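Note sheet for the following structure.
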Amino acid sequence: MKITVVGAGAWGTALAVVLQQNGHNVTLWGHHPGHMAAIRLARENVRHLPGVRLPPELVVEPDLATSEADEYVHICICTHTKHAPTSCT
(Lines give C-alpha, C1' and ligand atoms only; values in the text may rest on other atoms or scores of the structure.)
Protein backbone atom coordinates (compact mmCIF):
# COMPACT_ATOMS: atom_id res chain seq x y z
CA MET A 1 0.00 0.00 0.00
CA LYS A 2 1.22 3.53 -0.76
CA ILE A 3 1.20 5.73 2.34
CA THR A 4 2.22 9.31 3.08
CA VAL A 5 2.98 10.14 6.72
CA VAL A 6 2.46 13.89 7.19
CA GLY A 7 4.61 14.97 10.10
CA ALA A 8 8.32 14.24 10.53
CA GLY A 9 8.67 14.44 14.29
CA ALA A 10 9.56 11.42 16.41
CA TRP A 11 6.11 9.83 16.19
CA GLY A 12 5.68 10.34 12.45
CA THR A 13 9.20 9.14 11.68
CA ALA A 14 8.79 6.03 13.84
CA LEU A 15 5.44 5.24 12.22
CA ALA A 16 6.91 5.70 8.73
CA VAL A 17 9.79 3.33 9.55
CA VAL A 18 7.48 0.64 10.95
CA LEU A 19 5.10 0.90 7.98
CA GLN A 20 8.02 0.63 5.53
CA GLN A 21 9.45 -2.36 7.42
CA ASN A 22 6.06 -4.03 7.11
CA GLY A 23 6.08 -3.90 3.34
CA HIS A 24 4.33 -0.61 2.54
CA ASN A 25 5.65 2.07 0.17
CA VAL A 26 6.02 5.05 2.49
CA THR A 27 6.72 8.73 1.98
CA LEU A 28 7.56 10.90 5.01
CA TRP A 29 6.70 14.60 4.71
CA GLY A 30 7.62 17.49 6.99
CA HIS A 31 7.03 21.22 6.71
CA HIS A 32 10.67 22.32 7.13
CA PRO A 33 12.57 21.70 3.85
CA GLY A 34 15.96 22.01 5.56
CA HIS A 35 15.06 19.43 8.18
CA MET A 36 13.73 17.08 5.52
CA ALA A 37 16.96 17.48 3.52
CA ALA A 38 18.97 16.60 6.64
CA ILE A 39 16.83 13.50 7.23
CA ARG A 40 17.18 12.44 3.60
CA LEU A 41 20.97 12.90 3.68
CA ALA A 42 21.57 11.18 7.04
CA ARG A 43 18.80 8.57 6.61
CA GLU A 44 18.01 9.35 10.25
CA ASN A 45 15.90 11.95 12.05
CA VAL A 46 18.74 13.10 14.30
CA ARG A 47 16.68 15.94 15.81
CA HIS A 48 13.63 13.92 16.89
CA LEU A 49 14.52 10.22 16.71
CA PRO A 50 18.30 9.80 16.95
CA GLY A 51 19.73 6.33 16.45
CA VAL A 52 16.86 5.01 14.30
CA ARG A 53 17.95 4.48 10.71
CA LEU A 54 15.43 4.99 7.91
CA PRO A 55 15.05 2.10 5.49
CA PRO A 56 16.61 2.94 2.12
CA GLU A 57 13.24 2.54 0.38
CA LEU A 58 11.50 5.13 2.61
CA VAL A 59 11.02 8.35 0.62
CA VAL A 60 11.70 11.65 2.42
CA GLU A 61 9.87 14.50 0.67
CA PRO A 62 9.64 18.21 1.55
CA ASP A 63 6.96 18.93 -1.10
CA LEU A 64 3.51 17.84 0.10
CA ALA A 65 1.96 17.97 -3.38
CA THR A 66 4.67 15.66 -4.72
CA SER A 67 4.48 13.29 -1.76
CA GLU A 68 0.72 12.85 -2.09
CA ALA A 69 0.52 12.67 -5.89
CA ASP A 70 -0.31 8.96 -6.14
CA GLU A 71 -0.63 7.84 -2.53
CA TYR A 72 -3.65 5.86 -1.36
CA VAL A 73 -3.46 6.57 2.39
CA HIS A 74 -2.48 9.78 4.16
CA ILE A 75 -1.72 9.72 7.88
CA CYS A 76 -1.42 13.09 9.56
CA ILE A 77 0.69 13.27 12.73
CA CYS A 78 0.22 16.56 14.59
CA THR A 79 1.79 16.61 18.01
CA HIS A 80 1.09 20.24 18.80
CA THR A 81 -1.96 22.34 18.01
CA LYS A 82 0.10 25.25 16.70
CA HIS A 83 1.00 23.14 13.65
CA ALA A 84 -2.51 21.94 12.86
CA PRO A 85 -3.53 24.86 10.60
CA THR A 86 -0.40 24.63 8.44
CA SER A 87 0.71 21.02 8.28
CA CYS A 88 -2.40 18.98 8.97
CA THR A 89 -5.11 20.47 6.81
Residues that are small (Gly, Ala, Ser) and either at negative phi or in a helix (DSSP H, G or I) (or both), drawn from segment 21-44: GLY30, GLY34, ALA37, ALA38, ALA42
Flag if THR13 is modelled with pLDDT under 95, in contact with a strand residue (DSSP E or B) (Cβ under 9 Å, 6 or more places away or on another chain) and either in a helix (DSSP H, G or I) or surrounded by fewer than 14 Cβ atoms within 10 Å (Cβ to Cβ) (or both): no
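State which residue is modelled with the lowest pLDDT when the search covers only segment 72-89 and only residues that are among the polar types (S, T, N, Q) and outside any loop (DSSP other than H, G, I, E, B).
Taking segment 72-89 as the starting set, the residues that turn out to be among the polar types (S, T, N, Q) are 79, 81, 86-87, 89.
From what's left, outside any loop (DSSP other than H, G, I, E, B): 81, 86-87.
On the way: THR81: 54, THR86: 53, SER87: 50.
So, considering only residues that are among the polar types (S, T, N, Q) and outside any loop (DSSP other than H, G, I, E, B), the one modelled with the lowest pLDDT is SER87.
Go through segment 56-71 and count every residue that is part of a loop (DSSP other than H, G, I, E, B), modelled with pLDDT of 75 or more and exposed (fewer than 13 other Cβ atoms within 10 Å of the Cβ). Step through it out loud before you land on a result.
Initially, segment 56-71 is screened for residues part of a loop (DSSP other than H, G, I, E, B), giving 56-58, 62-63, 68-71.
If we keep only those that are modelled with pLDDT of 75 or more as well, we get 56-58, 62-63.
Then keep just the ones that are exposed (fewer than 13 other Cβ atoms within 10 Å of the Cβ); that gives 56-57, 63.
Number of matching residues: 3.
The values are calculated or read from the model by the stated rules, or taken from the named source; none is laboratory data. All figures in this text were calculated on a predicted structure; none of them were measured in a lab. Positions of Cβ are backbone-derived with ideal geometry, glycine not excepted, and every protein chain shown enters the neighbour counts.
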